[in-house]
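First comes the structure, then the notes that go with it.
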Amino acid sequence: MSPGPAEPRLYLADVRHVRSGPSGSNGGAGGRNGYRLRHRTYLWLVDLDRLPRLPRPLRPLARFEARDHFGGGAPSIRAGLDAFLAARGAGLPPGSKVLMLAHARVFGHVFNPLTVYWCHGPDGSLRQVVAEVHNTYGERHCYLLPPDVALGDRGDLDVAPVPKEFYVSPFLRVEGAYRMQLPEPAERLALTVRLAGGTDGARLTATVRGARRPAGAHGLLRAALRRPWSTAAVSAGIRFHGVRLWLRGLPVRPRPPHVPQEGLK
């Protein structure tokens, strides 16, 4: 298996969340029709050892900084990933390549609900996948996943469940399990994350679908004009939908103390 080209790519993405399960206190969210949200954005796929070098006038539209990933204190994003993997006895050998799918900083702001890293060995084989999750409280958690999460659309029953370990939504407890299908994107981007198994019966399906676009200066400008300040729009959208769910009577779950993982401290 080839790790793919190292040249950066852009994906115009359609993100959808569907929640179903028991109703809130006034019969609102989570009833028969559940709750759905959708937003459009664009994402980068980059080689962590060859991050894009944009012309100076375009740099405010796309910056990749180590402080935005893992513990935030490593000298580079790749160093942060290596520290996380080493803490789990899963370090990559020399010559390995890592591709990252994420938002870049736009006008100084970034929020990545999910960042995905595909880690390839020197022979090009996929060794593991890392899913880095951020919440709106400034906390981070990473899931180290086996290569079978790259199965694509073969069905989530083919993918081993991953216990939920991190508080993300204030309306969902830290319980249940994810089934993640995170195939490395080529011409198309198609990610799916399903959460189920909690005691309240809530279920969540999140999908990211998109098409590859050129990542040069012209492509970036077109994406930025179509989705102005995309990262701020993601943050605002999460809060807007959170308020709507609260107004519908969905109970807020207490946020447990967050203990950073080894390798993310």
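A short reminder: the numbers here are calculations on the coordinates, not readings from a lab. Worth saying up front: this structure is predicted, and the values here are computed from it rather than measured. Here Cβ is always computed from backbone atoms with ideal geometry, including for glycine, and neighbour counts include all displayed protein chains.
Taking the chain as a Gaussian network, Cα atoms linked when under 10 Å apart, which of PRO161, PRO94, PRO146 shows the biggest mean-square fluctuation?
For the chain, modelled as a Gaussian network with Cα springs under 10 Å, the answer is PRO94.
Once you put a point 7 Å from the Cα of ALA160 and another 7 Å from the Cα of ASP49, both along the Cβ direction, what distance in nm separates them?
About 2.8 nm separates the two model spin labels.
Once R0 is set to 30 Å, what does the formula 1/(1 + (r/R0)^6) return for the Cβ-Cβ distance between VAL252 and GLU7, expressed as a FRET efficiency to the nearest 0.05? All intermediate terms of the calculation are to be shown ahead of the outcome.
Details: r = 44 Å, r/R0 = 1.47.
Efficiency, rounded to the nearest 0.05: 0.10.
Based solely on its DSSP helices, what 222 nm [θ] is calculated for the chain when runs of n ≥ 4 H residues each add -39,500 (n - 2.57) and the sum is averaged over all residues, nearest 500 deg cm²/dmol? Spell out each step's value before the answer.
Details: 3 runs with 38 residues, N = 265.
Helix contribution divided over all residues of the chain: -4500 deg cm²/dmol.
Please report, to one decimal in angstroms, the Kirkwood hydrodynamic radius of segment 126-230 built from all distinct Cα-Cα pairs. Before the final figure, lay out each step's value.
Working: mean 1/r = 0.0641 Å⁻¹.
Computed over Cα pairs of segment 126-230, the Kirkwood hydrodynamic radius comes out at 15.6 Å.
If you add up the charges near ARG227, with Lys and Arg at +1 and Asp and Glu at -1, over every other residue whose beta carbon is less than 13 angstrom from its beta carbon, what do you get? Walk me through the numbers on the way to the answer.
Values: positive: ARG40, ARG213, ARG222, ARG226; negative: ASP14.
For residues surrounding ARG227, the net value is +3.
If R0 is 25 Å, what FRET efficiency do you get for THR199 and ALA86 from their C-beta distance, rounded to 0.05? Could the numbers behind the result be given before it?
Details: r = 35 Å, r/R0 = 1.41.
Computed FRET efficiency for THR199 and ALA86 comes out at 0.10.
For SER125, SER20, what's the fewest-to-most ordering of other Cβ within 10 Å of each Cβ? If you can, show how the numbers build up before the last one.
On the way: SER125 13, SER20 18.
Ordered from fewest to most neighbouring Cβ atoms within 10 Å, SER125, SER20 come out as SER125, SER20.
Give the order of PHE84, PHE70 when sorted by the count of other beta carbons within 10 angstrom, beginning with the fewest. Kindly include the intermediate steps, with their values, before the conclusion.
On the way: PHE84 24, PHE70 27.
With the sparsest Cβ surroundings first, the list reads PHE84, PHE70.
I want to check the label-to-label distance for ALA211 and ARG36. Put each point 7 Å from Cα in the C-beta direction and report it in nm to one decimal.
It is 2.1 nm.
Please list, in order along segment 49-54, the HN-Hα scalar couplings obtained from phi with the Karplus expression 6.51 cos²θ - 1.76 cosθ + 1.60 (θ = phi - 60°), rounded to whole Hz, x for Gly and Pro.
In residue order, the calculated couplings are 8, 9, 5, x, 10, 8 Hz.
Which trypsin sites (Lys or Arg not before Pro) from segment 45-114 combine a DSSP loop assignment with at most 10 other Cβ atoms within 10 Å?
Details: sites: ARG50, ARG53, ARG63, ARG67, ARG78, ARG88, LYS97, ARG105; in loops: ARG53, ARG88.
Those satisfying the criteria are ARG53.
Calculate, in nm to one decimal, what ARG173 and ARG188 gain on full extension: separation in residues at 0.36 nm each, minus their alpha carbon distance.
Details: separation 15, 0.36 × 15 = 5.40 nm, distance 3.26 nm.
Full-extension gain reported as 2.1 nm.
Report, in debye and to the nearest 20, how large the dipole of segment 170-248 comes out about its Cα centre when Lys and Arg carry +1 and Asp and Glu carry -1 on their Cβ. Walk me through the numbers on the way to the answer.
Numbers: 14 positive and 4 negative charges, 64 e Å.
The dipole of segment 170-248 has a size of about 300 debye.
Can you tell me the dipole magnitude for the chain around its Cα centre, using point charges on the Cβ only (Lys, Arg +1; Asp, Glu -1), in Debye to the nearest 20? Don't skip to the end; give the middle numbers.
On the way: 38 positive and 20 negative charges, 237 e Å.
The dipole magnitude comes to about 1140 debye.
How many nm is it between the label spots at VAL18 and LEU225, if each spot is 7 Å from the Cα in line with the beta carbon?
3.5
Once the other residues with Cβ under 9 Å from the Cβ of ARG212 are scored (Lys, Arg +1; Asp, Glu -1), what is the net sum?
On the way: positive: ARG9, ARG188, ARG213; negative: GLU187.
Within the 9 Å Cβ shell, the charges total +2.
What is the angle, in °, between the Cα long axis of helix 217-226 and the longest principal axis of the Cα atoms in the chain? Nearest 10 is fine, range 0 to 90.
With rounding to tens, the tilt is 10 degrees.
Taking the 0 to 90 degree range and rounding to the nearest ten, how far is the long axis of helix 77-86 tilted relative to the main principal axis of the chain, both from C-alpha atoms?
Helix 77-86 sits roughly 70 degrees off the main axis of the chain.
Could you tell me which label, among [x] 0.97; [y] 0.95; [z] 1.22, carries the value of Rg/Rh (Cα atoms, Kirkwood Rh) calculated for this structure?
[y]
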